[in-house]
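Peer 1: Sending over a structure as C-alpha cells; questions will come in a sec.
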Amino acid sequence: MMSVNANYPNYQGPVRDRVENFHGSQLVYVLWERHLLFCAPLTFLADPEMSFVDFLSEILRPALAPHPESEQLRFDEAKWRLDGEDFQPDLEKSLIDNGIDHKSQLRLITPWLSDLADAAI
C-alpha cells in the first residue's frame, strides 16, 4: 500500500479510503505499462471474491476498450506484476485468493503491443 503524509503539521483528518468504507468492495489499481493513453493507474471498485477472470472480462477489458490496441490485448499472454513483484494470477481464483487486496496495484505488461509510439501521425 502507498502511504501518504499530510502537508500540515498535526493533521488529524479522517481516513476515508479504508476498506471498511467500501461496503465489502475494495479498490484495485491497474497500470497498463507503456500505454500512456491512460496517464496513470486506473482505479476500480471490485468485490474481493470476484474471480480474476471475471475482473478481466467484466471490469478491466471494458475500461481499456477505448485504447486502439485493446482488441489485440491477450490477457492470457500478458506478464503481470502485483505490488512491485512478478505475479502469475490464477484466473479462476478470487482477487483476494490471488493476493490482490485493498489498494493493490497490478501492472499489465504486453511487450508485443507498442502503444501509440509507432503510430503514424
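The values are calculated or read from the model by the stated rules, or taken from the named source; none is laboratory data. What you see is a predicted model; the values in this text were computed from it and never measured. For neighbour counting, all protein chains shown are included, and Cβ atoms are generated from backbone atoms with ideal geometry for every residue, glycine included. Accessible surface areas use protein heavy atoms only, side chains included; no ligands, DNA or RNA. Shrake-Rupley method; radii C 1.70, N 1.55, O 1.52, S 1.80 Å.
Peer 1: Give the stretch 63-108 a look and list any residue that's open to solvent by 40 Å² or more (accessible area, probe 1.4 Å), acidic (Asp, Glu) and on the phi < 0 side of the Ramachandran plot, or say none.
Peer 2: Scanning the stretch 63-108 gives GLU71, ASP76, GLU77, GLU85, ASP86, ASP90, GLU92, ASP97, ASP101.
Peer 1: Looking only at the stretch 66-112, how many residues end up being without any contact (Cβ under 8 Å) to a residue 12 or more places away in the chain and polar (S, T, N, Q)?
Peer 2: 2
Peer 1: Within the stretch 44-62, take every residue that is of a type in the set (A, V, I, L, M) and surrounded by 12 or more Cβ atoms within 10 Å (Cβ to Cβ) and give me the one that is nearest to the chain's Cα centre (by Cα).
Peer 2: LEU60
Peer 1: Now a separate question. Can you tell me which residues in the stretch 12-43 are among the hydrophobic types (A, V, I, L, M, F, W, C) and surrounded by 13 or more Cβ atoms within 10 Å (Cβ to Cβ)?
Peer 2: Residues satisfying the conditions are VAL19, PHE22, LEU27, VAL28, VAL30, LEU31, TRP32, LEU37, PHE38, LEU42.
Peer 1: Another question about this same structure. Kindly indicate which of VAL30, VAL15 is among the aliphatic types (A, V, I, L, M) and closer than 17 Å to GLN105 by Cβ. If you could, list the steps in order and put the result at the bottom.
Peer 2: Numbers: VAL15 fails: closer than 17 Å to GLN105 by Cβ.
Result: VAL30 is the single residue among VAL30, VAL15 that is among the aliphatic types (A, V, I, L, M) and closer than 17 Å to GLN105 by Cβ.
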